[in-house]
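I have placed the structure first, in the form of structure tokens, so that the comments after it can refer back to it.
Every number in this text was worked out from the coordinates using simple rules, so none of it is lab data. What you see is a predicted model, and the numbers here were worked out from it, not measured in a lab. We place every Cβ from the backbone using ideal geometry, glycine too, and count neighbours over all the protein chains shown.
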Amino acid sequence: MNEAHESLREAVREVRAGFPDEYWRALDEKREYPEGFVRAMTDSGLLGALIPEEYGGMGLGLSAACAILEEVNRSGANAGPAHAQMYTMGTLLRHGSEAQKEEYLPKIASGELRLQAFGVTEPEAGTDTTQLTTSAVRDGDHYVIDGRKIYISRVDHSDLMVLLARTTPLEEVEKRSRGLSVFLMDLREAVGNGLTVKRRRVMMNNETNELLFEALRVPAGSIIGEEGEGFRYIMDGMNAERILIAAECVGDGRFFVERATQRAKKREVFGRPIGQNQGVQFPIARAHVSVEAADLMTERAAALFEAGEPCGAEANMAKLLAADASWEAANVAVQTFGGYGFDAEYDVERKFRETRLYQVAPISTNLILSYVAEHVLGLPRSF
Ligand SMILES: Cc1cc2nc3c(=O)[nH]c(=O)nc-3n(C[C@H](O)[C@H](O)[C@H](O)COP(=O)(O)OP(=O)(O)OC[C@H]3O[C@@H](n4cnc5c(N)ncnc54)[C@H](O)[C@@H]3O)c2cc1C
């Protein structure tokens, strides 16, 4: 994906030029949201890459979106505060009514509204999404929502949230994946009127929250698609999400390899560049090999996705390979920088914390291995 979409990559670099390393460092220290950067990415149209032109977006394919997110992370910035719009919007685009799409998509493309929040994870259900207990009960023209969510990102910097809640109790459905529904919730109306948002401090600068729903009333028209089909709608978006996250990890990996290489050439110890020692060279070279291999799998998954072909195996493998490669490269970069690798001023430690997330979220490495074992290799189901 390196040479493809060069004009988009150039556009990302232009936006990024206004938000140098010091900008990210200062925000990281204060745990603040990169409001200016996200605004500039929106104004440039880049965050609307996947929104069809008829709704005011760029109407591009997934590989173009991958190039954008990869380039953000490769530059040393973090796509995390902005990336949800790319993959969450797909649920609305694929399963929303024409009226919902006409109402929201042009405003999301222009930046008038932000759809950056995605509420699935719960304290008790964890990875087993079908066990989630946040309920939405129909009451006349409304649904009444009760329950809890955890680690829901960007809620304070989003106008809208895609929420997954149970509309039919687990005991009453034939399959545990049925009876869940997706809502497009207006956060501006919900917060303080039945929705309480409490910040969680996590390892990296990521606005992440605990949500408490107490008899929150949302209009019945905010449901996306058919009641009870929400799990399928969310699963539909998973392949795109995994491929996009893989691209971000490739970007992180390239950032680490590039910074480690520059450092190894410049830093002199024992009267010669540290990069002259094979003990320093080889780990960087190996990390580069891993990142480039992960990039090929990501490219393949994106091409299959764009061609409308099945790509579950490739999307999952790309996510795993890329998350592993970025983490390997992160470790190598810290090692190459020595003490400076722990120093905030050199940006490697910040990116190290940021890229660690992708071993766990949005899907953990174990769950990907489980998918490959069962769905690709036909091994017996373990859960
Ligand atoms: C910074 C951050 C931001 C996030 N943002 C969002 C967001 O915006 N929206 C949202 O909905 N969620 C978000 N999440 C939640 C994230 O998707 C979950 O944390 C993740 O899916 C793992 O779920 P869990 O934390 O409940 O882990 P658990 O389900 O408790 O799992 C813990 C560990 O056990 C392993 N495990 C569990 N079951 C099995 C099994 N059967 N076999 C093998 N291993 C297993 C898992 O792989 C994992 O490593 C975010 C998380 C973080 C940390």
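The GluC sites (Glu not before Pro) of region 277-321 include none that meets both conditions, a loop assignment by DSSP and at most 11 other Cβ atoms within 10 Å of the site Cβ. Full extension of the chain between Tyr23 and Ala99 yields a length gain of 23.4 nm, computed as 0.36 nm times the residue separation minus the alpha carbon distance. Relative contact order of region 232-376, taken over Cα pairs closer than 8 Å and 6 or more residues apart, is 30 percent.
Span-like helix check, the chain: qualifying full DSSP H segments, with Cα axial length of 27 Å or more and mean Kyte-Doolittle of -1.0 or more, are 230-266, 278-306, 312-337. Cβ crowding within 10 Å, taken as a proxy for footprinting-reagent exposure, orders Glu241, Glu174, Glu35 from fewest neighbours to most as Glu174, Glu35, Glu241. Taken over the Cα atoms of region 232-376, the convex hull encloses 106 Å³ per residue. As I understand it, the dipole of region 89-172 uses +1 on the Cβ of Lys and Arg and -1 on the Cβ of Asp and Glu, about the Cα centre. Which of Ala136, Thr167, Met89 lies farthest toward its positive end? It is Met89.
Sorting Glu226, Glu98, Glu349 from the fewest to the most surrounding beta carbons within 10 angstrom yields Glu98, Glu226, Glu349.
Amide H contacts of Tyr143 (H built 1.01 Å from N, in plane; Pro and chain starts excluded): Val218, Ala220 sit under 5 Å, all sequence-distant by 5 or more or on other chains.
For region 116-228, what is the percent of antiparallel DSSP beta bridges, rounded to the nearest 5? Once the DSSP bridges in region 116-228 are tallied, antiparallel ones form about 85 percent.
Note: relative contact order over the chain, using C-alpha pairs below 8 Å and six or more positions apart, is 15 percent.
Put simply, the Cα atoms of the chain extend 78, 48, 38 Å along their principal axes, the longest span coming first.
Evaluated with a Cβ-only charge set (Lys, Arg +1; Asp, Glu -1), region 232-376 carries a dipole of roughly 580 debye about its Cα centre, given to the nearest 20. Close amide H partners of Ala361, meaning residues 5 or more places away or on another chain with modelled amide H under 5 Å apart, do not exist here.
Longer than 21 Å from Cα to Cα, which of Lys198/Lys351; Lys101/Lys175; Lys149/Lys198; Lys101/Lys149 are they? Say none if no pair is. Checking Cα-Cα distances, Lys198/Lys351; Lys101/Lys175; Lys101/Lys149 exceed 21 Å.
Hey, what did region 116-228 get for relative contact order, percent, Cα under 8 Å, at least 6 apart?
Working: 259 pairs, mean separation 35.1, N = 113.
Relative CO of region 116-228 lands at 31 percent.
For the chain, the Cβ-based charge dipole about the Cα centre amounts to some 1240 debye (Lys, Arg positive; Asp, Glu negative; other atoms uncharged). I need the shape label for region 116-228. Rule: rounded when a/c is under 1.5, else prolate if a/b > b/c, else oblate, with a, b, c from the alpha carbon gyration tensor. Judged from the Cα gyration tensor, region 116-228 comes out oblate (a/c at least 1.5, b/c at or above a/b).
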